[in-house]
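Heads up, the thing below is written out as structure tokens.
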Amino acid sequence: MTNSTNTEASQAITQLFEDRTLLAKKRAVARKRRNRSEQRFRWAGRLSIAFGIACVLFLFTDIISKGIGAFTQTYVDVEITFNQETLGLSSQSTEQEIKAASFSSFYKKALREKYPEITGRKEKRELYAMFTSDMPLILRNMVVADPSIMGSTQIISMIADDDFDTYYKHSYGRDLDEADKISRLSDMQEGLVDSLAKSGAVKTKFNTILFTNSDSREPELAGIKGAVVGSILTLLVTLALSFPIAVATAIYLEEFAPTNRITDFIEVNINNLAAVPSVIFGLLGLAIFINFFGMPRSVPLLGGFVLTLMTLPTIIISSRAAIKAVPPSIREAALGMGASKVQTVIHHVLPLAMPGMLTGTIIGMSQALGETAPLLMIGMVAFIVDVPTGITDSATVLPVQIFLWSDSPERAFVEKTSAAIMVLLTFLICMNSFAVWLRKRLERRW
Amino acid sequence: MKKLLISLAVVASVTNIVTASARDSISIVGSSTVYPFATVVAERFGKSTDFKAPKVESTGSGGGLKLFCKGVGVATVDITNASRRIKSSEFEQCQKNGVKDIVEVLIGYDGIVLANAKDGVPMQLSRKDIYLALAKLVPGPEGKLIENPNKTWKDVNPALPAKKIEVLGPPPTSGTRDAFAELALEGGARSIPDIAALRNMGADQADEIQALVKKLGIEAAWATSLKNKGASAKGKDVVKIIGRSVREDGAYIEAGENDNLIVNKLVANPNALGIFGFSFLDQNSDKVQGSIIDGNEPSFDAIASGAYTISRPLYFYIKKAHIGTVPGIQEYLNTFVSKDTIGPDGYLVDKGLIPLGEELYEEMATNARALKNLSL
């Protein structure tokens, strides 16, 4: 009996042990499975981050490799004698006389004299096409600036034409297959480039034209100055309008407005507006500002109005979040000390919420800086040569400039497009880093 | 508080300037095909004279004429570019809105090319081949027009390679597409005897049209023409509808308005053909080759002489009422029609414009300088 009890007991114990080990095994399996799925999840996360980084890297290398060439420009040093007879000018000529002189034929004659062996009509045209079509104007401006150079011989740093420039920068002197060579030059022109380069007259310098000129249809003369000034003017208008309106709205809605159906309705609408595609704001601008109020097309003022509509919700939402983050104890303390509601808000809440509001504003501004779609509707997608001097001059903006260049037939605009993208990205990165710095610097924790 | 006040002051001063004074620069809108030429003239005009450089917007021919015909006054545009002639409906719209006197200037031609990558097989096409490859309805075995069954170029014409038909082209909003459909597709359709016969039937031959339309199985198109034109519907109207519709089964791929993009896609896919303006072929001749159409290569001379069959005229229109109000319009016009600009050796020719013939140029330039009114 005792024996059997013993055996039973020992059996039960073994059973128990077995059960335990089985359970432990089961648990181990379950744990492993759980760990594995956790690992899988982590890997999925890592992979998606890696994919994101790879995409960004690809984008940046593509843009930079394409655009880096646009930051240098080919120049050719050519000796030119400012012949008094050919131009009919002397060092005493007035500005008006200089402007009336035919610098175009003077310039062409000077080039022909440099290369007397070039005689055919087609060949002569090809010779003139080696340098930018603005050369006569550049020479004229030199004389206007300093009439005393008349009669002297000067070494002129001539701007190479876009085809010359592209060929020299990317194909000349490199061992390339015929298929990989980027060249629209004729054999005669390539020969000219070769002889010029061997004589040491060809130089590549940093391309200041890109930053000092406005848009042009000649790639070698095209720059982003007009677009950058246009962007700045447009953003100033946007900032001047959207910041006060948005801050006032946010303060009222957070601090003063009663909670009722109307304020709920407004709140829902502000959130919805933030998600409206930007092109819709362009159509709205066209309908209201141009067709109804009769504002002129293509001006930064109008662009600023339209972009204000677009950035308002962004700034309002972030400003409200910033005001909400100010602890109620601050308000209570101020009210307890006898401050009025307005005093409480202006003296205590607003300064504490300001960093958050400013961050939201900068984010909104950088959004506005990169916008093209709404501007398409109001005529800011246009070819404009003159740099705008005020908010009522016709202007275009940086992203629009990129869009226009990407659509141009001339090959050299491909690298200009990438260069302009690099400049725009630099602006955006600066603005966003400033926002981050501002937040880090001024943020207060309770 | 101070900040708020300052901002308010800025807003107030901004709104004061809104009431802008008269415009001091010319405002130009219109065709994206003329845009590359008009911008060059605008830039040089701004640099070589004391006037400000005109502002040029690319809105498309139709969009430009709509803006142009909106009315008279500084808030409206002065000049519009077009890659086709103004339509009578648009002209009437202009008249209705007070834009009475319009000067028309023909500046030259633009060729439309079909091109493929340099490493692809060069193509020799006729307009009929293009029609049979890309139209929605083509003649079937029983003479009826059927949904286009052709899969490869060999199906279209046994002399062509057995490659899949794959053509990248602009979307319906584009003037290039309109011109291509009219010149290449409809032009090719006319080489089908039944369609040619239909095209010659006038409004008085309704019964014959009825019979032919039935034979071809295109009653729907005839019904549409009757609905649009009523009793004046002609065989020509039916051909317009049939000839200009592009197939939608994937052989014609809409590749957007950006011609550079089409060129890049062609390089990536040597089997595909692309449709774009001659200036893009000229600029990218190291990457792509133009197909020979009706025995002629797309070249300057062939387009200028009219031997190359897919080419179209380019125009711009001037609002006469603005001459004298907006400074520089007359001078801009004179610059544009000068020999230096659009003559056979002009700088626009370097940019890919196909110049007018001698006589036509003289006549056009004289009329334009004299500001002769357009009448349709």
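Evaluating residue A:338 against the criteria (1) closer than 30 Å to residue B:32 by Cβ; (2) over 32 Å from the mean Cα position of the chain (by Cα) leaves one unmet condition, (1). Residues that are modelled with pLDDT of 90 or more, of a type in the set (Lys, Arg) and either under 23 Å from residue A:407 (Cα atoms) or buried (at least 22 other Cβ atoms within 10 Å of the Cβ) (or both) do not occur anywhere in region B:301-313.
Scanning region B:127-153 for residues that are under 26 Å from the mean Cα position of the chain (by Cα) and surrounded by fewer than 20 Cβ atoms within 10 Å (Cβ to Cβ) gives B:128, B:136. Could you list all residues from region B:20-36 that are facing another protein chain (nearest Cβ under 9 Å) and out of contact with any Pro (no Cβ under 9 Å at 6 or more places or on another chain)? The answer is B:21, B:29, B:32, B:35.
Residues of region A:227-241 include none that is more than 10 Å from chain B (Cβ to nearest Cβ) and in contact with a strand residue (DSSP E or B) (Cβ under 7 Å, 6 or more places away or on another chain). Restricting A:284, A:307, A:301, A:253 to those that are more than 14 Å from every other protein chain (Cβ to nearest Cβ), touching a residue at least 12 places away in the same chain (Cβ under 8 Å) and within 30 Å of residue B:26 (Cβ to Cβ) reduces the list to A:284. If you check A:403, A:427 for being in contact with a Leu (Cβ under 9 Å, 6 or more places away or on another chain), free of Cβ contacts under 8 Å to residues at least 40 places away in the same chain and part of a helix (DSSP H, G or I), only one passes: A:403. Scanning region A:198-222 for residues that are exposed (fewer than 13 other Cβ atoms within 10 Å of the Cβ), without any contact (Cβ under 8 Å) to a residue 40 or more places away in the chain and not β-branched (Val, Ile, Thr) turns up A:198, A:199, A:200.
One residue stands out among those in region B:274-299 that are touching a residue at least 40 places away in the same chain (Cβ under 8 Å) and either touching a Phe, Trp or Tyr at 6+ places or on another chain (Cβ under 6 Å) or in the same structural domain as residue B:184 (by TED's automatic domain parsing) (or both): the one that is surrounded by the most Cβ atoms within 10 Å (Cβ to Cβ), which is B:275.
Selection within region A:392-407: residues that are crowded, with 22+ Cβ neighbours inside 10 Å and within 12 Å of another protein chain (Cβ to nearest Cβ). The member of this set that is farthest from residue B:283 (Cα to Cα) is A:393. Can residue B:362 be described as surrounded by fewer than 19 Cβ atoms within 10 Å (Cβ to Cβ), more than 14 Å from residue B:278 (Cβ to Cβ) and modelled with pLDDT under 90? Answer is no for this residue.
Of all the listed residues (B:235, B:256, B:250, B:243), the sole one being away from chain A (no Cβ under 14 Å) and at positive phi is B:250.
Only a single item in (1) free of Cβ contacts under 8 Å to residues at least 60 places away in the same chain; (2) within 14 Å of chain B (Cβ to nearest Cβ); (3) under 17 Å from residue A:417 (Cα atoms) is not met by residue A:183, and it is number (3).
In region A:348-386, the qualifying residues are those that are part of a loop (DSSP other than H, G, I, E, B) and more than 11 Å from chain B (Cβ to nearest Cβ), and the one that is nearest to residue A:308 (Cα to Cα) is A:371.
Scanning region B:68-79 for residues that are part of a helix (DSSP H, G or I) and under 18 Å from residue B:322 (Cβ atoms) turns up at least one hit.
Listed by position, the helices (runs of 4 or more DSSP H) contained in region A:73-172 that have at least 2 residues being in contact (Cβ under 8 Å) with a residue 40 or more places away in the chain are A:84-87, A:95-100, A:121-128, A:135-145, A:162-170. For region B:300-376, the helices (runs of 4 or more DSSP H) that sit wholly inside it and include 2 or more residues that are touching a residue at least 60 places away in the same chain (Cβ under 8 Å) and away from chain A (no Cβ under 14 Å) are B:300-305, B:329-337, B:358-369. In region A:267-286 there is at least one residue that is exposed (fewer than 14 other Cβ atoms within 10 Å of the Cβ), hydrophobic (A, V, I, L, M, F, W, C), within 27 Å of residue A:359 (Cα to Cα) and more than 25 Å from the chain's Cα centre (by Cα). Comparison of A:100, A:24, A:50, A:28 shows that the only residue that is modelled with pLDDT under 85 and more than 30 Å from residue A:411 (Cα to Cα) is A:100.
Meeting the requirement of 1 or more residues that are in contact with a strand residue (DSSP E or B) (Cβ under 8 Å, 6 or more places away or on another chain) and within 19 Å of residue B:127 (Cα to Cα), the helices (runs of 4 or more DSSP H) wholly within region B:188-256 are B:193-199, B:235-243. Of (1) in a strand (DSSP E or B); (2) over 30 Å from residue B:216 (Cβ atoms); (3) touching a residue at least 60 places away in the same chain (Cβ under 8 Å), residue B:114 satisfies all except one. Which? Residue B:114 satisfies every listed condition except (2).
The values are calculated or read from the model by the stated rules, or taken from the named source; none is laboratory data. Note that the coordinates shown come from a computational prediction; the quantities given were computed from them, not determined experimentally. Heads up, the Cβs are rebuilt from the backbone with ideal geometry, glycines too, and the neighbour counts pull from every protein chain shown.
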